[in-house]
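What follows is a short report on a single structure.
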Amino acid sequence: MGKIQVQTENIFPIIKKFLYSDNEIFLRELVSNAVDATQKLKALASLGEFKGELGDTKIEVLVDKSSKTITIKDKGIGMTKDEVEKYITQIAFSGAEEFVNKYKDKVDKNVVIGHFGLGFYSAFMVAKKVEIFSLSHKENSKAVRWECDGSPEYQIEEISNKAERGTNIVLHIADDCEEYLEESKIEGLLKKYCKFLPVEIKFGTRKKFEPTGEKDKDGNDKEKEVEVDNIINNPSPAWTKKPADLKDEDYKSFYRELYPMQFEEPLFHIHLNVDYPFNLTGILYFPKLSNKLEMPKDRIQLYSNQVFVTDNVENIVPDFLTLLRGVIDSPDIPLNVSRSYLQADGNVKKISSHITKKVADKLEELFKKDRADFEKKWDDIKVFVQYGMLSDEKFYEKAVKFALFKNTDGKYFTFEEYENHVKALQTDKDKRVVYLYSTNVHEQHAYIDAAKARGYDVLLMDTMIDSHYINQLESKLKDTSFVRVDSDTIDKLIKKEENIPSKLSEEEIKSLQPVIESVVPKEQFMVVFENMSETDSPMIITRPEFMRRMKDMNALGGGMNFYGNMPEMYNLVVNSNHPLITKIKNEADEAKKSTLAKQASDLALLSQGLLKGEQLTNFIKRSVELID
């Protein structure tokens, strides 16, 4: 048996370089310690173990550019000389943990923030020397001063010039960290990391106007300019309160506090309040989402006991939840020693899974409570729901109860409702229900119109992730396939038993095929003759479903690089029963035959928005000549 030896001279470089992911975290850690000191004193007062006056318990942060110092002052529990040596000079010995263990049956374990006993040493990430001035709350205590220059050696002495209870931490800022002596920098860090700490934090003063109680000659209240403490935090944010104590306007007001530059109101919110099997509070907001899949990294803010941890929750919560905004707070979330540690933490994973369930439950509740209102919100949240269904199997299982289809007429259906709506007419000869869909109502209007003429219904599937979503639904929904409305001729979209006879013989089609092929690029178009109704178009452009869908998935990063690199391919479908095709066949003048074929193919291209530039100019000129 042996005992691992720690080389103390190596401890500080490790702390300085590797303990935290960013040196600006020092301010969060030191202010959190000040909050703990204050909260401990309040807890002792509530237990009757501190008989004195609590008085003003604000924490104060001061920047002195001339002396190159930053001071964090609290009026909390304070420390004796023995306690300084016990808590400060023993690295990884947590006074917070000791306090919680001592009073575990008397105070809430979450009353204090600290866990590891490491936070204080983050000061050396920016300071070349640190001083502590402290006076304990205990009667007849003597003030103490401690000093360390970042080596394993320190000085400690009793002093007589500190009369106020509490602790002052004085950081003598290193030459390479002087950016932290800018007041704007410190105020920004306080607002980022300490915005919702449970004890008021003062940073300088600000001016405001207050009524004097007198009236001017016009009868208006007189005001005077006064100087007040600049309190940079909100000690009682909305998520720490009970939902029953909050009104809808309180939630909206808190949203504006979180996102002052966001001018759109959220659609609705979810208030998380869990105490078993772990502690979790928070408020999540559903913003309006565009059809584009935007993946912002700073919407959800993660807190631990009201201490900011991160707003980059990628790989911490499921990706689809990052589309939401709001706050998640749990004392079970570690104040990260490193980001990878946070991502791998078991509690974080459990919390993530629970939030997914709560979000799904809330959406189902909204759907059942007021379906009409849910339908109004659907277009703004469907990307979120679809992305959740794609990326999380448990979310999918819940979402099938409230996920909606929307058709091109603007009507909404649940999955079950839609199947019942279309299966009678849209079941093919193989007993599969075919769901027709459009990605753009305007561009595919002619195809939608042809489908509706047959009595078919057409879904609107116009988000960036719909190609992936459709693939998933085809694997989940029994005997169901999705076909884009322009992927084939109307009679082949949903294949029935009956066949329309052709007016052209095989020999006539064989002689006409090279004429049609000569007027379109062979590398991009395949000419196919189909027996369609005389009332259908003479020629139409179709895009084969499989190839087009693979390319769409590749565009979003679906791993289909082979298909993504292939050129666009189309079918030019010739309606062998249309009178114009018969006219082209019967035309004796080869030049005129070619002109008519070109005109018909250009009309088909035009209907799909594929006729551009010189080709479009030539088409217009030719159209005028044909009219003449």
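No lab work stands behind these numbers, since they all come straight from the coordinates. Bear in mind the structure is a predicted one, so any value in this text is a computation, not a measurement. Every residue, glycine among them, receives a Cβ derived from its backbone with ideal geometry; neighbour counts consider all protein chains shown.
Any chance you could give the angle, 0 to 90 degrees and rounded to 10, that helix 613-627 forms with the longest Cα principal axis of the chain?
Helix 613-627 and the main axis of the chain meet at about 30 degrees.
So how much slack lies between Lys142 and His445, counting 0.36 nm per residue of separation and subtracting their Cα-Cα distance, in nm?
100.5 nm
What are the ³J(HN,Hα) values, in whole Hz, obtained from phi via the Karplus relation 6.51 cos²θ - 1.76 cosθ + 1.60 with θ = phi - 60°, for each residue of region 217-222 in sequence order, with x given for Gly and Pro?
Each residue's phi maps through the Karplus curve to give 5, 8, x, 8, 5, 7 Hz.
Set the Förster radius R0 to 51 Å, insert the Cβ-Cβ distance between Asn234 and His421 as r into 1/(1 + (r/R0)^6), and round the FRET efficiency to 0.05.
Efficiency, from the Cβ-Cβ distance: 0.55.
Determine the dipole magnitude for the chain: charges of +1 sit on the beta-carbon of Lys and Arg, -1 on that of Asp and Glu, nothing else is charged, the reference point is the Cα centre, and the result goes in debye to the nearest 20.
With only Lys, Arg, Asp and Glu charged at Cβ, the dipole is about 860 debye.
When the scattering of the chain is computed by the Debye formula from its Cα atoms alone, each counted once and equally, what is log10 I(q)/I(0) at q = 0.06, 0.12 Å⁻¹?
These q points yield log10 I(q)/I(0) values of -0.53, -1.20.
Exceeding 29 Å between C-alpha atoms, which entries from my cross-link table qualify? They are Lys51/Lys207; Lys368/Lys431; Lys241/Lys368; Lys242/Lys411; Lys58/Lys358; Lys429/Lys612. List each step's numbers first, then the result.
On the way: Lys51/Lys207 36 Å; Lys368/Lys431 32 Å; Lys241/Lys368 27 Å; Lys242/Lys411 38 Å; Lys58/Lys358 36 Å; Lys429/Lys612 39 Å.
Pairs exceeding 29 Å: Lys51/Lys207; Lys368/Lys431; Lys242/Lys411; Lys58/Lys358; Lys429/Lys612.
If we count other beta carbons within 10 Å of each Cβ, what is the order of Thr463, Thr240, fewest first?
Placing the least packed residue first, the sequence is Thr240, Thr463.
Cβ neighbours within 10 Å, averaged per peptide: list 598-605, 36-43, 445-452, 259-266 in order, most packed at the top.
Peptide ranking by packing, descending: 36-43, 598-605, 445-452, 259-266.
What list do you get for Ser505, Ser481 if you sort them by fewest beta carbons within 10 Å?
By the 10 Å Cβ count, ascending, the order reads Ser505, Ser481.
Normalised by the empirical 2.2 N^0.38 Å for globular proteins, what value does the Cα Rg of region 231-327 take?
Its radius of gyration relative to the 2.2 N^0.38 Å reference: 1.07.
Considering Cα pairs under 8 angstrom that are at least six residues apart, work out the relative contact order of the chain and quote it in whole percent.
8 percent
In nm, to one decimal, how far is the modelled label at Glu590 from the one at Asp430, with both set 7 Å along Cα→Cβ?
So the label points at Glu590 and Asp430 sit 4.4 nm apart.
Estimate the FRET efficiency between Lys215 and Glu265 by the formula 1/(1 + (r/R0)^6), using the beta-carbon distance for r and 35 Å for R0, to the nearest 0.05.
0.35
Taking the highest mean first, how do the peptides 159-170, 70-81 order by number of other beta carbon atoms within 10 angstrom per residue?
Final packing ranking: 70-81, 159-170.
Please report the spacing between the Cα centers of region 135-202 and region 452-480 in Å, no decimals.
Going from one Cα centre to the other spans 62 Å.
Less than 21 Å apart at the alpha-carbon level, and either on another chain or at least 8 residues along: which lysines does that give for Lys583?
Lys503, Lys510, Lys592, Lys593, Lys598
Quick check on the exposure proxy: order Glu545, Glu227 from fewest to most C-beta atoms within 10 angstrom.
The most exposed by this proxy come first: Glu227, Glu545.
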